[in-house]
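The values are calculated or read from the model by the stated rules, or taken from the named source; none is laboratory data. Because the structure is a prediction, the values reported are computed rather than measured. Positions of Cβ are backbone-derived with ideal geometry, glycine not excepted, and every protein chain shown enters the neighbour counts.
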Amino acid sequence: MPRAVQHLAFVVAPVVAAMALLPLAYSNQLLLFNFVVFLALAQGVNVIYGFTGYLPFGYVGFFGAGAYGFSLAVIHLEWGPLPALGAGVLAALVLGVILTPLLRLSGAYFAIANLAAAQALFQIISNPNLTDITKGPYGISLSGVFSPNFSYGIAVGILAATLCLVVYLRNSKFGLSLQAIREDAISAGMAGVNVVRSRTIAWLMSAFVAGVIGGVFAWYVSVFYPDTVFSPEFSIFAIVFALFGGVATITGPILGVAILYGIYNAIGISTPQYFQLIYGVLIVGLVLFLPNGLVSIFKRLGYDVP
Amino acid sequence: MFPDRPSNASGEPLLRIDALVKRFGGFRALDGVSFHVKAGEILGLVGPNGSGKTTCINVISGLYRPDGGAIDYRGRSIGGLKSHKLVHLGINRTFQVPKPFLTLTVRENVEVAATYGRSEGGALDIEALLASLELDAQASRPAAELNSVQQKMLDLARALATKPRLLCIDELAAGLNPAELDRVAEKLRALAREGTALLVVEHLMGFIDHVTDRVIVLNAGKEIFEGALSAAVRDSQVVEVFLGTEDGS
């Protein structure tokens, strides 16, 4: 069996099936929905950071652009939710194209510039003078399209597509060329890789993922404020989850979300007063002992981690 | 020291550099360099530190845009083209300090170049290429685990996987032991026999003498000598830039 098929059968299919079936057994659908959102976002970070090497501290910008693209299409154009998801994707892709020059930066400079770009978009959208267009700081209400079960199903479908994208990157020559760019862009150029084109494609792929999941987030919650969908927590969580599990793999970000977001919710409910302490200790431990993520343990033991 | 051998060079120049200029701020790293290389020829590029040898290769391989002059390759002007386009045209290079893709395996390193680096089709035998550079035993290991000589060989393998017509070699010989030097020299000569043009930057004069047909001596961004190495060492200007004048000025 080819490696990609194995990855689809033994990693993607079980995760997607679990997220699709869990609402039947567990009543807190919002919590499960948030898991789906972070599973997708962590993989989006995986595409641009894990494979290509750009740390997107302002990743939430695409998420918010998707949420607002969706909402404004519903409000102003009176589109149905599915076409409006297309508008969300389009908004994220337009933002991605506008921000492509940032890819000329690297390392911390890229991360900071990306963070600033997301903040700028947040400030523009929540500007009270734009209330007629964006509803400004007063937020969005989409009660007309509210449909939790349908939007949950679509979110799981998006997660499935995102995981398939990462399986493709993990097993294709294109994914290999992205990793070459991450390791050394000059050598990648001398290996014949069109560095600018490839990194732009990866950037837009990750913008696409965040945009579409941001759109479905707006649809699912239906009522939100700009600081909900532009919260830096989305960027930070998605990055921390991906790093905790281990990037440039399919399983790493999944493990990261399952473990860290699981702990986050468990201690958030049971002992919220210790939450930051426990979380801080976990992350310090990770940085000190497993800088390449959980899956690096298995890699060191010689396994080919999917 | 080494037996004479016939040059493989033939026909029109593959690469012709004319009055090439590269400035960094007010500093002219290349100040009107001109030379040419023919298919099958091994041209040495020598000169003191800072004379512009590596800059020359960087401009030819598209890392820097030239600020003046012309670079003609197979009858077309290629000055300022991006690296990957030059790679597709058949130009490649090795790096003085190799930059392999450290987390990828040795085989994957070469696969990237074999997949993206060739404009012409046809299968490339990656295993044979690795074996010819004695990297076959390391093929499944990450490039980060190689020693510095193996990383240099991997850099050469990455370049060769693109089947270059013009290969620029930037100080490949430094740090190699005599047996490795012999093998690398033989490899380069074999490439030239197959018709590849080679531009070899090197400080080891024994190696230059061993492999090159002709040398260009650079000083301060200009070529000051062109011809056989044996003639270069008798040239008073060349002796002066390498050793200084007798009165120490």
Total residues in segment A:192-246, condition over 30 Å from B:Leu86 (Cβ atoms), surrounded by 24 or more Cβ atoms within 10 Å (Cβ to Cβ) and among the aliphatic types (A, V, I, L, M): 11
Search result, residues across segment B:29-85 that are under 17 Å from the mean Cα position of the chain (by Cα), away from chain A (no Cβ under 14 Å) and of a type in the set (Gly, Ala, Ser): B:Ser34, B:Ala39, B:Gly40, B:Gly44, B:Gly47, B:Gly50, B:Ser51, B:Gly52
Wholly within segment A:161-232, helices (runs of 4 or more DSSP H) carrying at least 2 residues that are more than 16 Å from the chain's Cα centre (by Cα) and among the small types (Gly, Ala, Ser): A:173-183, A:185-190
Cβ-Cβ under 8 Å pairs, at least 6 apart or on other chains, segment B:103-117 side more than 7 Å from chain A (Cβ to nearest Cβ), far side aliphatic (A, V, I, L, M) and assigned to a loop (DSSP other than H, G, I, E, B): B:Thr105/B:Ala139; B:Val106/B:Leu135; B:Val106/B:Ala139; B:Val106/B:Leu146; B:Arg107/B:Ala139; B:Val110/B:Ala161; B:Ala114/B:Leu124; B:Ala114/B:Ala161
Matching helices (runs of 4 or more DSSP H) fully within segment A:1-79 where at least 3 residues are touching a residue at least 12 places away in the same chain (Cβ under 8 Å) and of a type in the set (S, T, N, Q): A:29-45
Count of residues meeting criterion [surrounded by fewer than 20 Cβ atoms within 10 Å (Cβ to Cβ) and over 24 Å from B:Phe27 (Cβ atoms)] in segment B:39-77: 5
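Quick check: is even one residue across segment A:120-133 buried (at least 19 other Cβ atoms within 10 Å of the Cβ) and over 18 Å from the mean Cα position of the chain (by Cα)?
Going residue by residue through segment A:120-133, those that are buried (at least 19 other Cβ atoms within 10 Å of the Cβ) are A:121-122, A:125-126.
Those still in the list that are over 18 Å from the mean Cα position of the chain (by Cα) too: A:125-126.
Taking every residue of segment A:120-133 in turn, at least one turns out to be buried (at least 19 other Cβ atoms within 10 Å of the Cβ) and over 18 Å from the mean Cα position of the chain (by Cα).
Per-residue answers, yes or no, for (1) more than 30 Å from A:Gly285 (Cα to Cα); (2) free of Cβ contacts under 8 Å to residues at least 12 places away in the same chain; (3) within 14 Å of chain B (Cβ to nearest Cβ); (4) in contact with a Leu (Cβ under 6 Å, 6 or more places away or on another chain):
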position: A:Ile158; (1), (2), (3), (4): yes, no, no, no
position: A:Ser206; (1), (2), (3), (4): no, no, no, no
position: A:Tyr220; (1), (2), (3), (4): yes, no, no, no
position: A:Thr228; (1), (2), (3), (4): no, no, no, no
position: A:Val257; (1), (2), (3), (4): no, no, no, yes
position: A:Asn265; (1), (2), (3), (4): no, no, no, no
Segment B:130-172 - residue that is part of a helix (DSSP H, G or I) and among the hydroxyl-bearing types (Ser, Thr, Tyr) and, of those, surrounded by the most Cβ atoms within 10 Å (Cβ to Cβ): B:Ser132
Whichever residue in segment B:86-113 is surrounded by fewer than 24 Cβ atoms within 10 Å (Cβ to Cβ) and over 18 Å from the mean Cα position of the chain (by Cα) and, among such residues, is nearest to B:Gln151 (Cα to Cα): B:Leu102
Residue that is within 14 Å of chain A (Cβ to nearest Cβ) and modelled with pLDDT of 95 or more, where the choices are B:Leu135, B:Leu156: B:Leu156
